[in-house]
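Read-outs: derived from the displayed coordinates by stated rules, not from any lab. Everything numeric here is computed off the predicted structure, so don't read it as measured data.
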Amino acid sequence: MGRLILGRLPALVGVLLALTFVVYLIDAVVPANPVAASLGAGASHAQIVAREHQLGYDKPFYAQYWRFLGRVVQGDLGNSLRTHNAVSSDLSRFAPATFELALFAGVLIAVLSLVLGVWSASGVRGSNAVRAVMTGSASTPTFLASIVLILIFYSSLHLLPPSGRTSAGDATGFVIIEDFFSGRFGALLGGLEHVIMPALVVAVGPAVAIGRVLRGSLLEELRKDHIRTARSKGLSEYSVIARHALRNSATPVLAMAGLQMGLVLTGVIVVETVFAWPGLGLYASASLTNADFPAVIGVTLVLGGAYVVINAIVDVLQLVADPRLRDAT
């Protein structure tokens, strides 16, 4: 297991290098001038040229990229052309909101995928209807699903706030988590009301994909001899699934979960923009609009690193769920 974790380190470095290279390449071919955008429409040509020289934007592509890598090794991501703050400072301010949203989306993914997979595999009444509703929801575009939820739960039912995030207990940036551990349950309720709609939009698509894999894996497992033996002992169908089938079905489910985390991390950009959730997605959206490539690269590094780390954790969980895989590693 230790070799597996160490083996993921080169993959982490490789993914981050590839991501930064692609973003830098896009920066080189896109006609937008980030320096002119940051200085504003009133900037003269001489001011733009001087600022480009100061930032090193007048150097060749390979020289800019090598200089950037040297700064990253030292923990310096440069300054945002839009906010004029250090990118690392901006990321530390916006990242907690995104990871808190992703955490609650992950909880919903686990619950919904279990409901879809276990319920439909058990063949009880209503399972086909649940599967049809969740599949239809997953096929809805993210922005459209967000607008529909706002119209239903805010405009019509007046149950949930349409956008934003509470700021109570915001010392660490993890508002809901901090409110929970501090015992501020009134503020916690307000935070949950704000997070439930964006988290649900992020969670539905991955939950359906994982639930389908879980259903197929369970159906295959339920045909095996040891399951027939368990049923012959008089156990209920849910007891058979929970005690004898679920763990053996976990390996393909965890593999799909690792792949779906990429959709979760990319989906937050659209969701945060629609719900005005003050996280990395909203920060990246504003940065893209203003050609703020240092900020875009910073967000890319954070989300890319999170994706590789999550997949490494999934690999470890697969080894825990199925010890037979340890021989293969």
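Per-structure values
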item: Against the rule of thumb 2.2 N^0.38 Å, how large the Cα Rg of the stretch 228-329 comes out; result: 1.59
item: The chain: angle of helix 280-289 to the longest principal axis, Cα-based, in degrees nearest 10; result: 40
item: Viscosity 1.002 mPa s, temperature 20 °C, Stokes-Einstein D of the chain from Kirkwood C-alpha radius, µm²/s; result: 95
item: Amide proton proximity set for Asn79, modelled H, under 5 Å, gap of 5+; result: Val87
item: Size of the stretch 139-217 as Cα extents on the principal axes (Å, biggest first); result: 42, 34, 18
item: 3J(HN,Hα) from dihedral phi, the stretch 83-96, Karplus parametrisation 6.51/-1.76/1.60, rounded to Hz, x for glycine, proline; result: 8, 6, 9, 4, 4, 4, 5, 4, 5, 5, 7, 9, 4, x
item: Centroid-to-centroid separation of the stretch 78-101 and the stretch 252-315 [C-alpha atoms, Å]; result: 13
item: Dimensionless Rg over Rh [the stretch 179-288; C-alpha; Kirkwood]; result: 1.17
item: Within the chain, helix-based [θ] at 222 nm, where runs of 4 or more DSSP H residues each add -39,500 (n - 2.57), nearest 500; result: -24000 deg cm²/dmol
